Amino acid sequence: MTTSDLIQANIKALAIFNANNTTMTVSDCARFLKVHTNTVKNRIYKGTIKATFQDGKYHIPKIQFLTSIIASFEADIKQAG
C-alpha cells in the first residue's frame, strides 16, 4: 500500500465515521441531496428517508446516505488526479 493509498483509506474511513456520528436537519439534507426541503419532508413521510422528530424538528441520520458519501468521495479523488 502506497502512502497515497493509505491517506485515501484514512480519509474514506473518516468520512464514514463522520456520517455515522452526524444527523442533519431537513435543510441540510435537502442541500446534501440537491432537492427542495419539501421533497425531503415527503420522503420522510413516505419512509424513504429515516428520521426522528424531536424538539420540534427532524433529525436525519447521515449514515443512511453512506453510498452517496463514498461515491462523492471517490469522484473527488478521481477528479483530483
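Data for the structure
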quantity: For region 25-64: span of alpha carbons on each principal axis (Å, largest first); calculated: 25, 19, 18
quantity: Charge dipole (debye, nearest 20) of the chain; +1 at Cβ of Lys and Arg, -1 at Cβ of Asp and Glu; calculated: 400 debye
quantity: Amide hydrogen neighbours beyond the local backbone of Ile49, cut-off 5 Å, H modeled; calculated: Ile44
quantity: Whole-Hz couplings from phi, Karplus 6.51/-1.76/1.60, listed for region 9-17; x for Gly and Pro; calculated: 5, 5, 5, 5, 5, 5, 4, 5, 4
quantity: Amide H within-cut-off set for Met24, under 5 Å, with H built and near neighbours excluded; calculated: Ile60, Lys62
quantity: Nearest 10 degrees, 0 to 90: helix 66-80 Cα axis against the chain principal axis; calculated: 40 degrees
quantity: Accessible heavy-atom area order of Ile70, Ile11, Ile60, highest first, probe of 1.4 Å; calculated: Ile11, Ile70, Ile60
quantity: Whole-number percent relative contact order across the chain, with pairs defined as alpha carbons under 8 Å at least 6 apart; calculated: 35 percent
quantity: Accessible surface of the chain, 1.4 Å probe, proportion on carbon and sulfur as whole %; calculated: 54 percent
quantity: Calculated diffusion of the chain, Stokes-Einstein form, Kirkwood radius summed over Cα pairs, 4 °C and 1.567 mPa s, µm²/s; calculated: 93 µm²/s
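The values are calculated or read from the model by the stated rules, or taken from the named source; none is laboratory data. Everything numeric here is computed off the predicted structure, so don't read it as measured data. As a convention, Cβ positions derive from the backbone with ideal geometry for all residues, glycine included, and neighbour counts pool all protein chains shown. These accessible areas exclude ligands, DNA and RNA; they are computed on the full protein's heavy atoms, side chains included. Shrake-Rupley method; radii C 1.70, N 1.55, O 1.52, S 1.80 Å.
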